[in-house]
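S.K.: What follows is a structure written as structure tokens; I'll ask about it next.
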Amino acid sequence: MKHSSLLSTLTFIAIVFFQSSALGEQATSVANSVAPVPSQKQITLLQVVTSSRPLSNGIEIRSGNAILQITALREDVLRVRVGPHGRLPENASWAVLPSSRIESATVSAEGDAASVGFHTTALRVRVERATMRLRITDLKGAIVQEDAANRPIEFHGPAFRVYKTMRPEEHYFGLGDKPGPLDRKNHAYNMWNTDSYGFQESTDPIYKSIPFFLTSLRGLTSGILLDNTWRTNFDFGKQSSDTYCFGSEDGPLDYYVLYGPDAKHVLSAYAWLTGPTPLPPLWSLGFQQSRFSYHPASEVKAIADRLRADKIPVDAIYLDIDFQDHHRPFTVDQLQFPHFSQMIEDLKKQDLYVVAITDLHIAYLPHSNYAPYDSGIAGDHFVKNPDNSVYVGKVWPGPSVFPDFTRKRTREWWGSLYTQFVHEGVSGFWNDMNEPSVFDGPGGTMPDDIKHRVDEPGFQPRTTKHLEIHNVYGMENSRATYDGLLTLSPDQRPFVLTRATYAGGQRYAVTWTGDNSSTWNHLRLTTPMLLNLGLSGFGMSGADVGGFIGSPGPELLTRWFELGAFQPIDRDHASDTSANQEIWVHGPEQEAIRKRYIEERYKLMPYLYTAAEELSRNGLPIVRPLFLEFPDATKDSHPIDLDASNEFLFGDNLLIAPPIYPEKPDAYPVELPSVNWYNYWTGEKVSGGIWSDGATGLNNPGFIGRKITIKPQLDILPIFVREGSILPLQPLVQSTSETPKGPLTLRVYPGKDCKGSVYVDDGRSFAYKHGEFLRMEFTCSEKAGGITVHIGPHQGSYVPWWKNLQVEIYGRTTSFQKASIVGSTESVESSFDTLHHVTSFLVPDNGSGKDLQVEWAR
């Protein structure tokens, strides 16, 4: 169907949604069906350029009384702002960093009889005089973004909609962890943070609102962030095959365009714009054990003792709401946990960190000596009804009140509530129910007209309705927690886990996909949900291992433990009505398989921590779609993930290929893109199957790479290593607090562009910001009959735990003839393992760097 024939329907999709006050079923129906057209409101169209003036960093255009301003923050990042009534919206943002918003790139003005605009050193911006249609291209003329031909922007009262041209070969990713396929094409979505207990593949909305997405068109990638906290809507061709569009019921029309041309560059620009994920504490990358709920204290002790007795590597245990007195946040049930601080201390002696839940609803308990309520009332910290009385809604403790997190003073008060827990040694905090979820509220949340007071640096002080704050409320909750923990322990990296958030929320918390279910389908949903979270700024995320709702059978739970070992956050969690799903349930055979994968995660901890450090610098997620590393894996440059939806990358060098239908014994195809690959478990170079150069064969003719077939085995999760990788691994430990004993292993997989790195620091403090870290870079080069592995010198002042490096070179079927350190008389211990196709060399590491030269036997 064409855009012109559906324009009026498209125009008003958002308006129908905007006029409804219900959040749950009505929101879902708007995303999945065509809505009827409501009564028409006053329409403001931006149809023709009536005047324009160049700016040093862009252009300002008028269409009658409306203003369109396009500015360049960088040569590759544009900001588009529209004011329909003579002035631009407030220059403030909860998502975009103040330092980024004030950046400015110098541009060169352009214009002719048909258009006005400018260019940067990367982009050309043109606005047609006759239609106000915006077109952004690179300097070679390739289209980056282009408004639809008819009515590119229109307002209906305070609501607005932006229409963009969509091409058949264009694809879309992001918007957080919306369930469903990785590609958002042909789907529509609403942003309204919702407690979606029991969500399924078609459920929308769910817990988060991250209005950022990537577009991919013939290998050229760009990103759009709609910075609007009201209820928003995105349609990627569901209503019209040649148009995608986005809009809101109210608030600013303020969006950013981020140019690639590759996806990595877009994600790096997004991290620059909204802030990167902080470097997490090392322990948070370890295995985490949780349940709703472990209680009393004797059960917590029993779980901890069993984990240690079975030698299951683990770093954290969670306390859900039942550890509290009548579910009241910031309390402890003294009957079930009579010696709470001693329990925390005892768990620390077992190298176990404790994460405690602290929901944001404060029990409504006047005159009851409940300090969080009393101090909150005294400081006027709770949101209010339209008549200025304190709003009360029912949640876990019963009647509850809710902090007004849009006030800086309230966030500071909230942060101070953690003082006792921090003093007692609790290491991390879990902000749940922060959509906000209200059991007796309309649509399961606060009424639309609840009052919030915006009192925040950079914003004009004012009072506003919940409609504006709803989607940012959970992020500001996690912000208050993160900042409070920093105040209490300035040199300790906070760990905050949040369920609800907004764009930029990665600055304050990691996240998970919420209340998933113990089903094979939810296991399948995990990968695209985590991938799209990573493409939306949240590179530190996870899905509850085993599923939260229901009771997984033996094979399902085992498969989930295998997959969970390759998530950034690896947490086993279940509901209070589920059967036990700790690693040992279902007997020793299943436990042995599950334990093996957790152990592998701990061996890979140097590789994982190095990926987390990269995330903290440039925004590249730990779990990645294939197209992020292999944008040219298809001849027409369409994302290869569309043909291999079960596959993903863990870091930049490990390809994980779980079964497409893991509940079935059927063999399935695995597509290994672009280069040669090694089998992670056997060490051998992958051969056989079908190699395609993109011109012939296979089910997807444009694929470039090798296609193989795998027969599923319960105890084997297929993992492949990209040629040219050098992976750092460590000896097995039982927690990240334990110092590894032995050398750091460097697994070398010879091939194109051979390189690798490792990053370490103390794993807990901010000393790394002052040079107390260690970074090493490695390369390898092959020549006829031999290979040289370059070990770079230590960078930074941190002293590592190892004294030697075990260099393992994979892929050889014959042993070596000679091995030496270039320019040195040092002896090199060596061995050859025919089973795993690996030759090993023990090399002393004195920090100065060296070259290992190996000559192969002829």
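S.K.: With the dipole of segment 608-757 worked out from charges on the C-beta (+1 for Lys and Arg, -1 for Asp and Glu) around the Cα centre, which of LEU655, TRP681, SER645 lies farthest toward the positive end?
M.R.: Result: TRP681, furthest along the dipole toward the positive end.
S.K.: Calculate for the chain the 222 nm mean residue ellipticity that helices alone would give, adding -39,500 (n - 2.57) per DSSP H run of length 4 or more and normalising by residue count, nearest 500 deg cm²/dmol.
M.R.: Details: 15 runs with 170 residues, N = 858.
Helix-only estimate at 222 nm: -6000 deg cm²/dmol.
S.K.: For segment 718-727, what does the Karplus curve 6.51 cos²θ - 1.76 cosθ + 1.60, with θ = phi - 60°, yield as ³J(HN,Hα) per residue in whole Hz, taken in order and with x for Gly and Pro?
M.R.: Using θ = phi - 60°, the values come out as x, 9, 10, 10, 5, 4, x, 8, 10, 9 Hz.
S.K.: Still on this structure, please answer the following. With label points built 7 Å along Cα→Cβ from the Cα atoms of ILE710 and GLU782, find their separation and express it in nm.
M.R.: So the label points at ILE710 and GLU782 sit 2.3 nm apart.
S.K.: Roughly how many percent of the accessible protein surface of the chain is carbon and sulfur, given a 1.4 Å probe and a whole-percent answer?
M.R.: 51 percent
S.K.: What number comes out for accessible area per residue over segment 723-858 if the probe is 1.4 Å? Units Å², please. Walk me through the numbers before you get to the answer.
M.R.: Numbers: 6400 Å² over 136 residues.
In whole numbers, segment 723-858 has 47 Å² accessible per residue.
S.K.: Oh, and also: For the chain, can you list the cysteines whose C-beta has no other cysteine C-beta under 4.7 Å from it?
M.R.: CYS245
S.K.: When ranked by the protection proxy of mean other Cβ atoms within 10 Å per residue, highest first, what sequence do the peptides 622-631, 490-499, 328-337, 472-481 form?
M.R.: The most tightly packed comes first, giving 472-481, 622-631, 490-499, 328-337.
S.K.: Stretched out fully, how many nm does the piece from TYR661 to ARG87 gain, at 0.36 nm a residue minus the Cα gap?
M.R.: Taking TYR661 through ARG87 to full extension adds about 201.2 nm, to one decimal.
S.K.: Still on this structure, I have one more. Just the number, please: percent antiparallel of the DSSP beta bridges in the chain, rounded to the nearest 5. Please report the intermediate quantities before stating the final value.
M.R.: Working: 157 of 186 bridges.
Restricted to the chain, the bridges split so that about 85 percent are antiparallel.
S.K.: In whole angstrom, note down how far apart the Cα centers of segment 229-278 and segment 411-481 are.
M.R.: About 24 Å separates the Cα centre of segment 229-278 from the one of segment 411-481.
S.K.: Further question on the same structure: Among residues other than GLN734 whose Cβ falls under 11 Å from its Cβ, what is the net charge (Lys/Arg +1, Asp/Glu -1)? Walk me through the intermediate numbers first.
M.R.: Numbers: positive: ARG308, LYS311; negative: ASP310, ASP315, ASP351, GLU599, GLU738.
Net charge around GLN734: -3.
S.K.: Less than 13 Å apart at the alpha-carbon level, and either on another chain or at least 8 residues along: which aspartates and glutamates does that give for LYS850?
M.R.: Within the straight-line limit of under 13 Å, LYS850 reaches these aspartates and glutamates: GLU777, GLU826.
S.K.: Output the DSSP H helices from the chain with an along-axis C-alpha extent of no less than 20 Å and a mean Kyte-Doolittle hydropathy no less than 1.0.
M.R.: Numbers: long enough: 3-19 (24 Å, 1.43); 466-488 (33 Å, -0.28); 520-534 (22 Å, 0.13); 588-603 (22 Å, -2.01).
What comes out of the filter, once short or polar helices are dropped, is 3-19.
S.K.: As I understand it, the dipole of segment 545-617 uses +1 on the Cβ of Lys and Arg and -1 on the Cβ of Asp and Glu, about the Cα centre. Which of SER578, THR558, PRO568 lies farthest toward its positive end?
M.R.: The Cα lying farthest towards the positive end belongs to PRO568.
S.K.: Need one word for segment 708-851: rounded, prolate or oblate. Basis is the Cα gyration tensor (sqrt eigenvalues a ≥ b ≥ c); a/c below 1.5 gives rounded, then a/b vs b/c decides. Walk me through the numbers before you get to the answer.
M.R.: Values: a/c = 1.80, a/b = 1.19, b/c = 1.51.
Oblate is the answer for segment 708-851, as a/c is 1.5 or above yet b/c matches or exceeds a/b.
S.K.: Can you run phi through the Karplus equation (6.51, -1.76, 1.60; θ = phi - 60°) for segment 45-55 and list ³J(HN,Hα) in whole Hz, with x for Gly and Pro?
M.R.: Listing the rounded values in order: 10, 9, 10, 8, 6, 9, 6, 7, 9, x, 10 Hz.
S.K.: Could you give the distance between the Cα centres of segment 137-191 and segment 338-373, to the whole Å?
M.R.: 45 Å
S.K.: So which GluC sites (Glu not before Pro) in segment 805-847 pass both tests, a DSSP loop state and at most 16 other Cβ atoms within 10 Å of the Cβ?
M.R.: Values: sites: GLU808, GLU826, GLU829; in loops: GLU826.
Here the sparse-neighbourhood loop sites are GLU826.
S.K.: Still on this structure, please answer the following. What residues have an amide H closer than 5 Å to that of GLY849, excluding those fewer than 5 places away on the same chain, when H is modeled at 1.01 Å from N in the peptide plane?
M.R.: HIS794
S.K.: Could you derive backbone 3J(HN,Hα) for segment 808-820 from the dihedral phi with the Karplus parameters 6.51, -1.76 and 1.60 (θ = phi - 60°), listing whole Hz in sequence and x where the residue is Gly or Pro?
M.R.: Values, residue by residue: 10, 9, 9, x, 8, 9, 10, 6, 9, 9, 8, 9, 8 Hz.
S.K.: Long-range amide H contacts for PHE287: which residues qualify at under 5 Å (H placed 1.01 Å from N, peptide plane, sequence gap of 5 or more or a different chain)?
M.R.: Answer set, sorted by chain and number: ASP315.
S.K.: Then there's this: For ARG53 and SER831 in one chain, what is 0.36 nm times their gap in residues minus the Cα-Cα distance, to one decimal in nm?
M.R.: 272.8 nm
S.K.: Please get the size of the charge dipole for segment 405-544, origin at its Cα centre, with Cβ charges of +1 on Lys and Arg and -1 on Asp and Glu, quoted in debye to the nearest 20.
M.R.: 340 debye
S.K.: Same structure again: Do any of LYS238/LYS465; LYS664/LYS685; LYS741/LYS803; LYS185/LYS711; LYS783/LYS818 go past 20 Å between their Cα atoms, and which?
M.R.: LYS238/LYS465; LYS664/LYS685; LYS185/LYS711
S.K.: Here's another thing I want to ask about it. So if I place +1 on the C-beta of Lys and Arg and -1 on the C-beta of Asp and Glu, and nothing else carries charge, what would the dipole magnitude of segment 81-154 be about its Cα centre? I want it in debye, nearest 20.
M.R.: Working: 10 positive and 9 negative charges, 11 e Å.
Result for segment 81-154 is approximately 60 debye, rounded to the nearest 20.
S.K.: What's the center-to-center distance, using Cα atoms, between segment 282-326 and segment 664-727 in Å?
M.R.: So the separation of the two Cα centres works out to 38 Å.
S.K.: Now for a separate question. Hey, if you put +1 on the Cβ of every Lys and Arg and -1 on every Asp and Glu Cβ in the chain, which of VAL426, LEU319, MET191 ends up farthest toward the positive end of that dipole?
M.R.: MET191
S.K.: To continue, here is another question. Taking the Cα centre of segment 560-689 as origin, sum charge times position over the Cβ atoms of Lys and Arg (+1) and Asp and Glu (-1), and report the length of that vector in debye to the nearest 20.
M.R.: Value, rounded to 20: 240 debye.
S.K.: Which of rounded, prolate, oblate describes the chain, given a ≥ b ≥ c as roots of the alpha-carbon gyration tensor eigenvalues and a/c under 1.5 marking rounded, otherwise prolate only if a/b is larger than b/c?
M.R.: Judged from the Cα gyration tensor, the chain comes out oblate (a/c at least 1.5, b/c at or above a/b).
S.K.: When ligands, DNA and RNA are left out and all protein chains stay put, how many square angstrom of accessible area per residue does segment 335-482 have with a 1.4 Å probe?
M.R.: Per-residue value: 37 Å².
The values are calculated or read from the model by the stated rules, or taken from the named source; none is laboratory data. Not measured: the values here are computed from a predicted model. Positions of Cβ are backbone-derived with ideal geometry, glycine not excepted, and every protein chain shown enters the neighbour counts. Only protein heavy atoms, including side chains, enter the accessible area calculation; ligands, DNA and RNA are left aside. Shrake-Rupley method; radii C 1.70, N 1.55, O 1.52, S 1.80 Å.
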